[in-house]
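Every number in this text was worked out from the coordinates using simple rules, so none of it is lab data. None of the values given here were measured: they were computed from a predicted structure. No Cβ is skipped: glycine too gets one built from the backbone with ideal geometry, and neighbour counts run over all protein chains shown.
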Amino acid sequence: MPTAPTYSIPGSTTAAPADAAPPRADTQPERTVAEVLARSNVQEVFEELERDLVGLAPVKQRIRDIAALLVIDKLRLNLGLEAQTPSLHMCFTGNPGTGKTTVALRMAQILHRLGYVRKGHLVAVTRDDLVGQYIGHTAPKTREVLKKAMGGVLFIDEAYYLYRPENERDYGQEAIEILLQVMENQRDDLVVILAGYKDRMDTFFRSNPGLSSRIAHHIDFPDYGHEELLEIGERMLSAMNYRFGPAAREAFAEYLERRRAQPHFANARSVRNALDRMRLRQASRLFTEPGRQLSRDDLTTIEPEDIRASRVFGGPGT
Amino acid sequence: MMTNPTGRLTQGQFSFLPDLTDAEIALQIEYGLRRGYAWSVEYTDDPHPRNTYWEMYGIPMFDLKDAAGVMLELDACRKAFPDHYIRMVAFDATRGVESIAMSFIVNRPKREPGFQLERQEIGGRSMRYTIRGYAADAPEGERYREG
């Protein structure tokens, strides 16, 4: 004989605990796109995205599309139009250094602000974190990572390493199966983003069609153009409180031109490494004049010779 | 006279209340996670009051952000031990505390026969008391079975 409970459990609110999720339940439900945007602060993230990330126009467009769908879905839900939670698992493909991890981090923020993931943290893992070393090791390891990522975004970098066709006893397959199961059954709790090089991801998906069909959004990150790389370099420098001296910008542009022609060019990552080496050379250059009083300008300026000493100019340097 | 008319095991938090629903359990877990506790799932079929250490189901879950991860483990434990006592335990790793901060039962067997108080007369009029679970006669794993 169930009677109305006369007790209240600490921690539970007066509302029915089953739907404890909706925040601001006291306010009117949103009716316009602007209201949803205003309440979720997602516009700020868009602006940050636009401001902080150079180029990547197709990626930004795709993120806007996804966000638009989520906003509209929210409005529909407010009017009682039930729709299945959209599948938000994504795949980021692109060459190294094209900003996949950075965008994933932003994606976690956007999804959190729109209320599609509850906590909005990003758990970045690779094969080593998911796949065990002996029989029975993989499942607990994968499950532990999944549990940590619950309520947020699981970012699997270089996901194609999970599947090694040359070794049929490889435990990667087991990790993929557990991953698939959770991706399907706990869509509300977790968003999975796979990342990797385009061609290798394609082969990976061909051999794992179940995974491919459960990922709704395949986003391709284009390589940066020359101008974009230059801008990225300048932004990185100013973020580190450095700047290019006269003629140094031209030298850097020339450096990029030559570096891009060489193998293993990793876009923004290579730019950052190059800048780090330039800082080293600048420091050694200043180091050779122990008697000189160094001004603020001296300490912050990268001179052309710091750049031209690089190995890509055919010199003996680093 | 009955001292425990409901015949239910009363250990840990909330044990005099009706069973918590999954949503209520998730709320408690969420509260613990906000305070930085590490949750773990424990089970036993020997809930003697002095049996402090129950069996661990998996390892304690550190670094979790959301209750869904803990619930995943609890569901797995319920599936494996439907007729055992299962409790959630929150460990507070704060320096100086380093102890259990929360603990409550989340799964019970369908029938809980309770405990017998055994009295033993010893020299003179002295008494010795001991508590024994009625279900404890059966070997481990066969207690609290239906029928």
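List of remarks:
- Shape call, segment B:22-107: gyration tensor on alpha carbons, a/c limit 1.5: oblate
- 29 Å Cα-Cα reach of B:K110 towards lysines, excluding residues that sit fewer than 8 places from it in its own chain: B:K79
- Local electrostatic count, A:A149, Cβ distance below 15 Å [Lys/Arg +1, Asp/Glu -1]: 0
- Relative contact order, whole percent, for segment B:22-107 stands at 33, derived from Cα pairs under 8 Å and 6 or more residues apart.
- Remark: spin-label model distance B:T94-B:S126 equals 4.4 nm, labels positioned 7 Å along the Cα→Cβ axis.
- With each label modelled as a point 7 angstrom along the Cα→C-beta vector, the B:Y53-A:R272 pair spans 4.6 nm.
- Measuring gaps between exposed loop sites in chain A (trypsin sites (Lys or Arg not before Pro); DSSP loop; at most 11 other Cβ atoms within 10 Å), the longest gap, sites not included, is A:32-168.
- For chain A, the number of Lys pairs separated by eight or more positions or lying on different chains, with C-alpha atoms closer than 13 Å, is 4.
- Size of charge dipole - the protein assembly as shown - debye, nearest 20, with Cβ of Lys, Arg +1 and Asp, Glu -1, no other charges: 560
- Each residue of segment B:64-77 was assigned a 3J(HN,Hα) from its phi angle through the Karplus expression (A = 6.51, B = -1.76, C = 1.60, θ = phi - 60°), giving 8, 10, 9, 5, 4, x, 5, 4, 4, 5, 4, 4, 5, 5 Hz with x at Gly and Pro.
- Bridge type composition, the protein assembly as shown - antiparallel percent by DSSP, nearest 5: 55
- Quotient of C-alpha Rg and 2.2 N^0.38 Å, computed over chain B: 1.19
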